[in-house]
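The values are calculated or read from the model by the stated rules, or taken from the named source; none is laboratory data. Fair warning: this is a prediction, and the values are worked out from it, not measured in the lab. Ideal geometry is used to build each Cβ from the backbone, glycine not excepted, and the neighbour counts take in all protein chains shown. Just so you know, the surface numbers come from the protein's heavy atoms only, side chains and all, with ligands and any DNA or RNA stripped out. Shrake-Rupley method; radii C 1.70, N 1.55, O 1.52, S 1.80 Å.
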Amino acid sequence: MSTFRAVSLFSGCGGFCEGVRLAGFSVEAAVEMDRFAAATYRHNFPEVPLFEGDVHHFLKADSTAWEAERNRFDAVKQGNIDMLFGGPPCQGYSQIGTRLLDDPRNELYGEYVRVLKELRPRVFLMENVPNMLLLAKGRFKRAALAAFAEAGYTNSGVVVVTASEYGVPQLRKRAIFFGVRDGEDLGMEAGAFLQAALEEQKNPENTVNQAIRDIPETTAVHYEPLRYPKSRAASPVLDEMRLDRDGRWYSADYKKKSAGGSLVLHNHHTKEIQQRRKELIALLAPGAKADSLPKEIWDGARPEKWRRLHPDKPAYTILAQMHRDMSEWVHPKFQRWITVREAARLQSFHDGFVFQTSEWQMLKQIGNAVPPLMARALAASAQKALVQLDSHGSAAPTFQVPVQQMLELASA
């Protein structure tokens, strides 16, 4: 079977790309505007041409930014790409974000659709927060599906996916749009196909302790790599994360190559903690929140302000906001915040994936990322669809809703 080719939009530090690459795709191009995330992306994906700039300029013939870069993207053209994937920034949809209907970030999916029209891949995957499906009584969900239909992907659907079901030690939920190009015969509705294919990818749940139990209490003083910790602990997720083990998906050779061949622990540093805060978090039992603290310590506001991870459960959602305040991500055992490396593991980044720039930016990159092992399951499902399309050949779509009807529903 030939390697399927993909293009990544809103690539961030590369979590989605890592999973897509792990599933066997060749990532032909990536687009990311944030220069800090781009630095991490380049370090971990030196083979992928990266367009570092505004997605509005990508593939635009009248853009000087694109004209200056286009020679590096010869492979990115219609008829040569099997899958488009990416997650437009989600802050405008998020329950902790602004949730404003006129937030310009809520319209970035339109740029995703523009590139979809330009490249005409056979399938696409688009990731976002589940709240996108509910905001404005489903307006954005309807608008997105209508836009996909108008772009020539009438057979499109959306599924809510839980990361912990695919090897990620975290209870993270995401809305995944999946669609198939008109004229291709998938044999069933795209959302139902993705749901069924993902069922085959499910794994037993992993816990915080299983994911980070081997990482030492002592952290790096600055950003220096540390001696790699020894461990005999049996854990499928440790097999995936550790550089000296073969996992089900990641081989030790793959991980060490990504890390530059060195057996050291990268990114094991965290924000400084004041003594009074260390004394406060010492009162938190595993899995406890601020409302468990004595009344003379806790003022009664925001019980999630202080939270200790439970060692025997998956982590709650790792968020980009932790780069500002780590008090919701207290280590399950030690009197400190989790480190960059521990946060990365809870997102299912293996130890060979090295984060770049400042600690502030590293934490932000991790919180914004698509967990690689969840991304692998999504990409494997899309790959199954592509194989099925190859076996069926081109045909009239077996599932179709009139485009005009979709547009009318979107404007309702």
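Specify whether the C-alpha gyration tensor of the stretch 283-322 places it in the rounded, prolate or oblate class, a ≥ b ≥ c being the square roots of the eigenvalues: rounded for a/c under 1.5, otherwise prolate if a/b is larger than b/c and oblate if not.
In terms of gyration-tensor shape, oblate.
Tell me, what is the percent relative contact order of the chain, built from C-alpha pairs under 8 Å that lie six or more residues apart? If you can, show how the numbers build up before the last one.
Values: 845 pairs, mean separation 84.1, N = 412.
It comes to 20 percent, rounded to a whole number.
Is it possible to state the helix-based mean residue ellipticity at 222 nm for the chain, with each DSSP H run of 4+ residues giving -39500 (n - 2.57), the sum divided by total residues, to the nearest 500 deg cm²/dmol? What is it?
-9000 deg cm²/dmol
Pairing the Cα long axis of helix 372-392 with the longest principal axis of the chain, what angle in degrees results, from 0 to 90 and rounded to the nearest 10?
The angle comes out at about 20 degrees.
Pick from S292, S164, S381: which is most flexible by mean-square fluctuation in a GNM of the chain where alpha carbon atoms under 10 Å apart are linked?
S292
Assuming R0 = 41 Å, can you tell me the calculated FRET efficiency for the pair Q335 and H392, based on Cβ-Cβ distance, to the nearest 0.05?
0.10
Quote the relative contact order of the stretch 197-341 in percent (integer), defining contacts as alpha-carbon pairs under 8 Å separated by 6+ residues.
In percent, rounded to a whole number, it is 25.
Work out the charge dipole of the chain with +1 on the Cβ of Lys and Arg and -1 on the Cβ of Asp and Glu about the Cα centre, then indicate which of S262, A136, S26 is farthest towards its positive end.
S262
How far, in degrees from 0 to 90, does helix 190-199 lean away from the longest principal axis of the Cα atoms of the chain, to the nearest 10?
It works out to around 40 degrees.
Nearest 10 degrees is fine. How inclined is helix 359-368 to the longest principal axis of the chain, computing both from alpha carbons?
The two axes meet at around 50 degrees.
For a test of the definition: using alpha carbon positions, the gyration tensor, and the 1.5 limit on a/c, classify the stretch 201-295 as rounded, prolate or oblate.
Oblate is the answer for the stretch 201-295, as a/c is 1.5 or above yet b/c matches or exceeds a/b.
Among the listed pairs K141/K271; K173/K384; K257/K364, which have their C-alpha atoms separated by more than 30 angstrom in this model?
Numbers: K141/K271 38 Å; K173/K384 22 Å; K257/K364 25 Å.
Too far apart for the 30 Å limit: K141/K271.
By DSSP, what percent of the beta bridges with both residues in the chain are antiparallel, rounded to the nearest 5?
The answer is about 55 percent antiparallel.
Relative to the present Cα-Cα distance, how much length would full extension add between R42 and L283 at 0.36 nm per residue of separation? If you can, show how the numbers build up before the last one.
Working: separation 241, 0.36 × 241 = 86.76 nm, distance 4.17 nm.
Between R42 and L283, full extension yields an extra 82.6 nm.
In whole percent, and with a 1.4 Å probe on the protein chains, what portion of the accessible area of the stretch 1-72 is carbon and sulfur? The partial results should precede the final answer.
On the way: 1480 of 3050 Å².
It is 49 percent, rounded to a whole number.
For the stretch 144-208, which whole percent of the accessible surface, found with a 1.4 angstrom probe, sits on carbon and sulfur atoms?
The computed percentage sits at 49.
Measure off 7 Å from each Cα along the Cα-to-Cβ vector at R72 and H56, then give the distance between these two points in nanometres to one decimal.
Going by the 7 Å Cα→Cβ label model, 2.2 nm.
What nm value, rounded to one decimal, do you get for the distance between A234 and R248 when each label is placed 7 Å out toward the C-beta?
Here the answer is 1.6 nm between the modelled labels.
Starting from the stretch 1-84, pick out the GluC sites (Glu not before Pro) whose DSSP state is loop and whose Cβ has at most 11 other Cβ atoms within 10 Å.
Counting only loop positions with at most 11 other Cβ atoms within 10 Å, the GluC sites (Glu not before Pro) in the stretch 1-84 are E47.
Given N residues in the stretch 262-331, what is Rg(Cα) / (2.2 N^0.38 Å)?
It is 1.22.
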